[in-house]
Structures are given as structure tokens and as C-alpha cells.
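Input: a single structure, listed below in C-alpha cells.
The values are calculated or read from the model by the stated rules, or taken from the named source; none is laboratory data. Owing to the predicted nature of the structure, the values given are computational and were not obtained by experimental measurement. Using ideal geometry, Cβ is built from the backbone for each residue, glycine included, and neighbour counts are taken over all protein chains shown. Ligands, DNA and RNA are stripped out before the accessible areas are found, and what is left, the full protein with its side chains, is counted by its heavy atoms. Shrake-Rupley method; radii C 1.70, N 1.55, O 1.52, S 1.80 Å.
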Amino acid sequence: MISIAEALAILKDNIPDPTKVACPLEQALGRYLAEDVHAPEPSPRFTNSAMDGYAVRWADVCDTTPNHPASLTLIGESRAGAPFAGTVGAGQAVLISTGAMLPAGADTVIRVEDTEEAGRNVMVSAAKRLGQDVRHRGEEFASNDLLLRKGTRIAAPQAALLAAIGIDQVMVFAPCTVALLVTGSELVASGSVVADHQIRDSNMIMLRAAVQESGATLLSCARITDDRQATTTAIGQATADIILCTGGVSVGRHDHVKEAAEANGFTPLFWQIRQKPGKPLYLARKGKTILFGLPGNPVSAFMCFTYYVRPLIGALIGLPFGWPTMFAKAVEEIVNKVSRPNMLRVRIAQNPDNDHMITSAKRQGSHMLTSLVDSDGYIILEPGQTLHAGERVLVYSYDFR
Ligand code: AMP
Ligand code: MG
């Protein structure tokens, strides 16, 4: 048996390089940039007005006060999408809209509220400073400035920025694909008739949901009996970045996942970790494909998924290998009474000072799904370790969004 740290080290050593693909921007939402993005042009691209008002020359309005307004001759208009073609000369003004190009000759914008039109003239009653309400070309960023770093998730603001600078195709990390294989002769689909000796399959829907929440794409999903040949065939047919098996990795006579993986040319990387739950976890590799043999117990399967599989999915779509974690204080004493490091499920709450506070889920059995629904994350305590009330501890959250 190996330690949790050794298992993590082996897993990290075997992360295949994520694949980069060119992707149209509309399809890149939720994906992660595989390259830095530099500005191909400055922003704004042209000097424009920040306000609806009049484009003027500062020299003509600098002495203006409400009692001594400046009178300027209106010579035209610059609208958004329809710039003024001429030049603003001494004593002249051009009506201008927000975002419209500042005409040649003008250096300042007077907002509508500080003006009054009188026939072909405009009276300016207040002017604060040279260049007021002008947005200068390049004032936000210049050509070649670094705008988005590799690894950035493309959400609405990032997509908008890319569109604004004319980038309609980006290099992103390819989606990570998963094939799910649920094993167990005792299993029946939830919703169908269940005999006394049978178990409803809850791992399939749980792992499906977990795969989707992690940002991976589920390519296939199958349920098979504890049969050596069926398991070998099913693993042989699965093609994905990650093959996720559940059940059949313990020491029982009807546990076939390890042999079936190896019969298909997978090299075992580890089996059995000094941890609770999830001791029988199995890891193997064939080329760029990683195979996990998760234990069949639903809680063990979920905990192994959240601690080992999720960070791998993250790494394959371009995120750093890791977990969403926080420090929290124990509300009451929590003890690990078992002789292995224990991933104890905890409820996370916030007290009025915004400190995260944890309480242990009442039920901790590996076969008790209520231990998962009654918790938001977990802590890892060493054998015999006692966490005292008020003590701070690292908490791993289930929430990967
Ligand atoms: P195994 O790891 O195959 O020895 O299974 C361990 C325990 O988990 C057994 O009690 C199984 O009945 C149960 N189990 C295995 N697979 C599933 C599943 N897909 N859904 C619910 N329980 C399961
Ligand atoms: Mg089984």
C-alpha cells in the first residue's frame, strides 16, 4: 500500500500533455486558452468622444464661465459610425455622439449639459480642462500588450474582449474525454424492478454528473457484470482520455478490472492507497490514456473522483492540478479513530465574521450516500489525529465551479 502523497506523485508524473486545438470563438466558451493573447491593435482604435456633446478646441473655451459663455460656430456633426470629414478651426464646434470619432482640429469635448444651441451657434458655459471627455487611441492598451494569459477560462468578458480586437478563433485546450464503465453483477438501473439481492446503480449517474461538473466530456457509458471477458472487452472498446471504471478492484474473486486493464495493454501505476475511504483505488496507463479503477462503494468512488480524477481532468483542460480549498475552524472536536488517513466529510458554513466553520457529517460510512449529501467537502486527518474545537484546518470543497 502506498501513501496519499505517493499516489498523487505517481498520478502527476503521468499526466499527458494537454492537446491544443484552434477553436472558433463562439465555441470556445468555458474552455481554457492554450496560448497568451496579445493585442493586435490598440484600444480604443481611434480617438473618440466619451460623451454626447460638442468637439471643440480648448483654446476657444478655456476662459469660459457661466457668466461669460463662449460662442462657437456649429459646422457639422460626428456620429457613431459616421465621422465628420472636415477640420474644426478656431471658433468652431462639431456636434458629437458618445463613441464617435473626434474630428481633426478638436482636442476637447464639452458635454451637452454645459451647452446651449442658438441657431448655427453653440454657447459653452463651462469647460474644465484640455482633453476632457476625450478617449485617446491606445489609452486602454497598446498593440502587443498582453491581454489574456494562457490558462484563462473564456467566459463572457473574455469572449467580448477577443471579439473587440477581431480575434474570432483562439487556441484552447481540447476538451478532456471520459469513458465510464460501471461493473457489478448485483447492479440494476434505478427505476427498473429490483430483486432483494440486487442493488440500484447509483455510481453511473453520480459519476456522469461529476464528469460534467468537472468540465469533461462523457463519450460513453456502460454497465457490465462481474465477468472477466466482458470487462476485458468493455475496456478494449473504450476510447477516451480517461477510462473510469467503478467496482471490481478489490481482492474479491469476482473483481476483474485490474486483470482486464492489463490484458488490454495497460501498465499498472498503483493499487491500494493508505486512506479511508477509497483504499482499493487502481491507476493504470496505456499511451495517453489513463484508467482509474474506482472502488464500487458510492462514497469511496466519489471521494476518489473528487480527490484524484477531478484534478487530472483539470490538468488535461489546462488548469493547474489542484483542488478548491479553504481554511476553516472546527466548531467541535473531530477525531480520526481509524488507522489510515481519513477523508472526513464536513459541512461548511460561515459565521457572522465570515470565517468558514466546519462540522463533521454525522454518518461517515463508505456505503452511506447521506454522508455526501450532508456535507460540502472534506478534511484529511492522520491516524489518531484529533482536531480540537476552534482549530484551523485545510478543507477541500466539492464545488468545482
Ligand atoms: P466492489 O468495489 O465492486 O466490491 O463494490 C463494493 C460495494 O459497492 C458493494 O456493496 C457494491 O454492491 C457497491 N456498489 C458497487 N457498484 C455500485 C454502483 N454502481 N452503485 C451502487 N453501489 C455499488
Ligand atoms: Mg463489485
Using DSSP H assignments, which helices in the chain have an axial alpha-carbon span of 18 Å or above and a mean Kyte-Doolittle hydropathy of 1.6 or higher?
none
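If you take the Cα atoms of the stretch 48-135, find Rg, then find the Kirkwood Rh from the mean of 1/r over all pairs, what is Rg/Rh? Walk me through the numbers on the way to the answer.
Numbers: Rg = 11.2 Å, Rh = 12.2 Å.
Answer for the stretch 48-135: 0.92.
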For the E26, A389 Cβ pair and Förster radius 30 Å, calculated FRET efficiency rounded to 0.05 is 0.05
Would you list, by chain and number, the lysines whose Cα falls below 24 Å from the Cα of K279, excluding same-chain residues fewer than 8 positions away?
K12, K258, K337, K362
Hey, could you grab the Kirkwood Rh for the stretch 68-109? Inverse mean 1/r over distinct alpha carbon pairs, Å, one decimal.
10.5
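Quick one: which of 227-234, 193-200, 287-294 comes out on top by average Cβ neighbours within 10 Å, and what's the full order, highest first? Could you put the intermediate results ahead of the total?
On the way: 227-234: 17.4, 193-200: 10.4, 287-294: 21.9.
The packing order, highest mean first, is 287-294, 227-234, 193-200.
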Taking 0.36 nm per residue of sequence separation and subtracting the Cα-Cα distance, how much length would be gained by fully extending the chain between S190 and A230, in nm to one decimal?
12.2 nm
Taking every eigenvalue of the Cα gyration tensor of the stretch 325-397, multiplying by 5 and rooting it, what semi-axes result, largest first, whole Å?
19, 15, 10
For a quick size check, give me the Cα extents of the chain along its three principal axes, largest first, whole Å.
97, 50, 42
Per GNM of the chain with C-alpha springs under 10 angstrom, the most fluctuating residue out of C62, C304, C23 is C62
What aspartates and glutamates sit close enough to K276 to cross-link, taking a C-alpha to C-alpha distance under 15 Å and skipping anything fewer than 8 places away on the same chain?
E382
Dipole magnitude of the stretch 325-397 about its Cα centre (Cβ charges: Lys, Arg +1; Asp, Glu -1), debye to nearest 20
280
Compute a Gaussian network model of the chain, connecting alpha carbons closer than 10 Å, and tell me which residue from L74, L162, L283 fluctuates the most.
L74
Positive-end residue, the chain charge dipole about Cα centroid, Cβ charges, pick of Q237, V257, P24:
V257
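Kirkwood-based Rg over Rh for the stretch 80-215 (C-alpha set), two decimals?
Details: Rg = 30.9 Å, Rh = 22.1 Å.
Expressed as Rg/Rh, it is 1.40.
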How do S214, S339 stack up against each other in accessible area, from largest to smallest, with a 1.4 angstrom probe?
S339, S214
Normalised by the number of residues in the stretch 201-349, what is the relative contact order in percent for Cα pairs under 8 Å and 6+ residues apart?
21
Looking at the chain as a GNM with Cα springs under 10 Å, which of P44, P83, P280 has the largest mean-square fluctuation?
P83
